[in-house]
Amino acid sequence: MSSQKPGRNDPCPCGSGKKYKACHAAEDRAREVSAAPAAPQHPIARDLEAAMGMLGDSDMSRVSEALERLGSLLAGWGPAPGLRFDATAFDTHVSREFERMEDAIERDAAQAKNALRLGTLRELGTRSFLEKLRSTLLARATTAGLSSEDRQALCLGALLSSTPKGGRFQPEDRPVLDVVFDVQFREWASRQSRELASRMETLQAGGALSEEAVDALRKAGEGEMEPLVKYVEADPKLASRIAQEGRERATRVESAMRLGAMPSVFTPDEQVWLTTVLWEPLNALKTGSSDKDRTATVSAFLAAVRTALDSDKEFLAGMLDRLRIRSKDATLDEATCAFLSDAAVAFEAEPVRMVLAAILTSRNEPQARSAEEQVVRADLEAKTRWTAEDLEPYRELLASMNLPAPAERIRRAQEWLRSHPIAM
């Protein structure tokens, strides 16, 4: 037979006298298909099949184990984009619900905690969030170095994040959202660690803590926060009491700042930097007219404050250290020391809210560190317009005072002013 493939209507090379399409064409096509190289398999195709097999198995223990593994992976990766509910929305919702559910917590702590979970899932477990979670989990499943169990757990989470194209769905029916909530709630509790420890120390002094709580508090003092977080998670009543104490503390600090009874929590360079980077959203907040405009401008201002804090990692840490040190200054009166101690805890627990309160309500100006700094600041405040060049004398002064971090802060304010000049 000829090695060249005949046309469909040509005589079949086998000599049968039939046309090729009616004789050996089908057999030759089948042989070509079987000889063709197989299409490359997707890297996680087998893991997806294994995850689907878990969902089809009547024994759901493997699903439970995979979801536990998924939670461990999410916790280890931290609050990465796509793997958590919106941080601001989550913190706001959980804090608000703790306040609203105080009576329910007293009646039945377990039921109240379950209600918090359901409310959070219904509030934040939207279709768009699930879609983003699904794509992020699938992308993470291709990460090099993962075990097959890790990949299958991620694929299972992705499958459970799938939503129907149309119609309604119940977020509480998606166990992958329970995993996200549990991980994020533990992170929320960990961020409150200093306030939790502070409040629990007060309770311990009054003899109101169990041996387990005292042991958890001791380990927290040694830097091991996990036992303390677990203890508070298991006792919503304690969490409610701590939340109430936090609200009372923040109110005391805000009131003292508003009345001008206590010193400013900022240094002069911190105030200049905040004024610079928040000038535009602050002006928009002051000039907003309708309720709709005001809601949008308040949201924009809050977002700007959070961005400012995120962009200057040393700002909050430096301020908190300064407040704690000053709260132990024997030359200050007892009321001032108590205010500075309260402020350190309040600003660490709710930095955006407290910085916002300090900017909008504080009556006292930051205290200059030298007479020269006071003069330079007065000259700067007398100007009707701020440019990068206007801040240069202040930056040079701070550098000459051997204050590198404040000098760097003013340099970044100068960078901002080069594209955002301020008209006072």
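Observations on the structure shown:
- Helices (runs of 4 or more DSSP H) enclosed by region 350-414 - at least 3 residues per element that are within 36 Å of the chain's Cα centre (by Cα): 351-361, 392-400
- Residue within region 363-373 that is open to solvent by less than 50 Å² (accessible area, probe 1.4 Å), over 19 Å from residue 320 (Cα atoms) and among the acidic types (Asp, Glu) present: yes
- The one condition in (1) over 29 Å from residue 259 (Cα atoms); (2) open to solvent by 20 Å² or more (accessible area, probe 1.4 Å); (3) of a type in the set (A, V, I, L, M) that residue 407 fails to fulfil: (2)
- Looking at 69, 107, 100, just one residue is of a type in the set (Lys, Arg) and at pLDDT 90 or above, and that residue is 69.
- If you check 376, 355 for being buried (at least 17 other Cβ atoms within 10 Å of the Cβ) and without any contact (Cβ under 8 Å) to a residue 40 or more places away in the chain, only one passes: 376.
The values are calculated or read from the model by the stated rules, or taken from the named source; none is laboratory data. Quantities reported herein were computed from a predicted structural model and do not represent experimental measurements. Backbone-built Cβ (ideal geometry, glycine too); neighbour counts: all protein chains shown. The accessibility values were calculated without ligands, DNA or RNA, using every heavy atom of the protein model including side chains. Shrake-Rupley method; radii C 1.70, N 1.55, O 1.52, S 1.80 Å.
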